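Please read the structure below before turning to the comments.
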Amino acid sequence: MNPAATSHRERKKARNRQRMLDAARRLFQAQSYEETTVDEIAADAGLSRGTVFNYFPTKGHLLYEIAADEMETLTEMVAHGMHDVPSAVEKIRRVMRLFVADTVPFLQVTRRVLLETLMHPTEVPSPVVYLERTLSGLVEQAQAQGEVRADLDPANVARAVVGVYLSAFFRWISNRQSPALGNIQSPALANCASAGDCMLPDAEVAAMVDMLFDGIAGPNYRPQPREAASDA
């Protein structure tokens, strides 16, 4: 078999898969998972209905692949994207910024992904569970570096960090509109009860994560400058 032809087919398959996942994300966010049909996803991706089913046996498999993509992105970032970052706590900050940036524009999709993966964990691990495991490893690094108290269970610290995100996530969901990253005029932020409520999503989560680490700091912990943590 011609290696060049095989490589071309694999690249085409990868492009088609990504087009379908991107179309599914857009439509699930715009009109809900329940109201979106496979025909609409196929049309948005510029492919046939049959092609979609060749890649994804059911509409639910699109959700599982969206979750798997998120986990792959986190894995790649932790394994290869932060070689220049010596601080494990800073790595945790960056992982959380990435998670917020990837999920805030698609809150309704994230809500459905979390629901499906928690109800059917055999299909693919929940992104929340995967995030906890990823963060737990980084917390262990932080403890080895003296940035986090050594007497704490890394898994519990990781769950607390994820809890910060989930607390903000459910409040954003209750607004029934995705808050905009980098856009303080977002309708979801238009009627803020306080200055803290008007923080952008990434800054809001970052500030709460920093408060958590301030409280469990080890001897080598370096707090994040408040100006940087609240930067829009």
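The values are calculated or read from the model by the stated rules, or taken from the named source; none is laboratory data. No experiment lies behind these values; they were computed from the predicted model shown. Cβ placement follows ideal geometry from the backbone for every residue including glycine, while neighbour counts extend to all protein chains displayed.
Go through the residues of the range 129-136 one by one and say whether even a single one is in a helix (DSSP H, G or I), modelled with pLDDT under 90 and more than 11 Å from the chain's Cα centre (by Cα). Scanning the range 129-136 turns up at least one residue that is in a helix (DSSP H, G or I), modelled with pLDDT under 90 and more than 11 Å from the chain's Cα centre (by Cα).
Pairs linking a residue in the range 8-22 that is more than 18 Å from Y64 (Cβ to Cβ) to a residue that is at pLDDT 95 or above, with Cβ atoms under 9 Å and 6 or more positions apart or on different chains, do not occur. Check the range 6-15 and report whether any residue there is polar (S, T, N, Q) and either under 29 Å from M119 (Cβ atoms) or assigned to a loop (DSSP other than H, G, I, E, B) (or both). No, the range 6-15 contains no residue that is polar (S, T, N, Q) and either under 29 Å from M119 (Cβ atoms) or assigned to a loop (DSSP other than H, G, I, E, B) (or both).
Can you give me the ranges of the helices (runs of 4 or more DSSP H) entirely in the range 33-127 with at least 3 residues that are more than 15 Å from A23 (Cα to Cα), in the same structural domain as A158 (by TED's automatic domain parsing) and charged (D, E, K, R)? Working first, answer last.
Working: elements: 38-45, 49-55, 59-80, 88-103, 107-119.
Where helices (runs of 4 or more DSSP H) fall fully within the range 33-127 and carry at least 3 residues being more than 15 Å from A23 (Cα to Cα), in the same structural domain as A158 (by TED's automatic domain parsing) and charged (D, E, K, R), they are 59-80, 88-103, 107-119.
When residues in the range 72-113 are screened for being of a type in the set (A, V, I, L, M, F, W, C) and either over 19 Å from G137 (Cβ atoms) or in contact with a Pro (Cβ under 6 Å, 6 or more places away or on another chain) (or both), 7 of them pass.
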